Amino acid sequence: MGVPIRINEFIYKEAKKTARAEFRTVPAQIEFWAMLGKCALENPDLPIEFIKELLIAKHQDRSLAEPFSFEGKKN
């Protein structure tokens, strides 16, 4: 369930531009930015790009993923 909030008009316009480019709704873009900021604050040692890619990957279709197989070093 959504909750109406008031945000700065500049932030809304920036979210609208970015949302269009990243194929999200404006509320979904603002939620993404909020989650990104929250994760960055909770993990200050991680680069923001790493956190961003991690959040994006978390919501991708996993049926397309290939399982990881580790082939150990042969002696």
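The values are calculated or read from the model by the stated rules, or taken from the named source; none is laboratory data. Keep in mind that what you see is a predicted model, and the values were worked out from it rather than measured. Counting neighbours? That spans all protein chains shown, and the Cβs are built from the backbone with ideal geometry, glycine included.
Quick rundown of the values:
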read-out: Residue tally, condition over 15 Å from GLU22 (Cβ atoms) and surrounded by 11 or more Cβ atoms within 10 Å (Cβ to Cβ), over region 36-49; value: 7
read-out: From the options ALA28, ALA57, residue that is under 11 Å from the mean Cα position of the chain (by Cα), at pLDDT below 95, in a helix (DSSP H, G or I) and exposed (fewer than 11 other Cβ atoms within 10 Å of the Cβ); value: ALA57
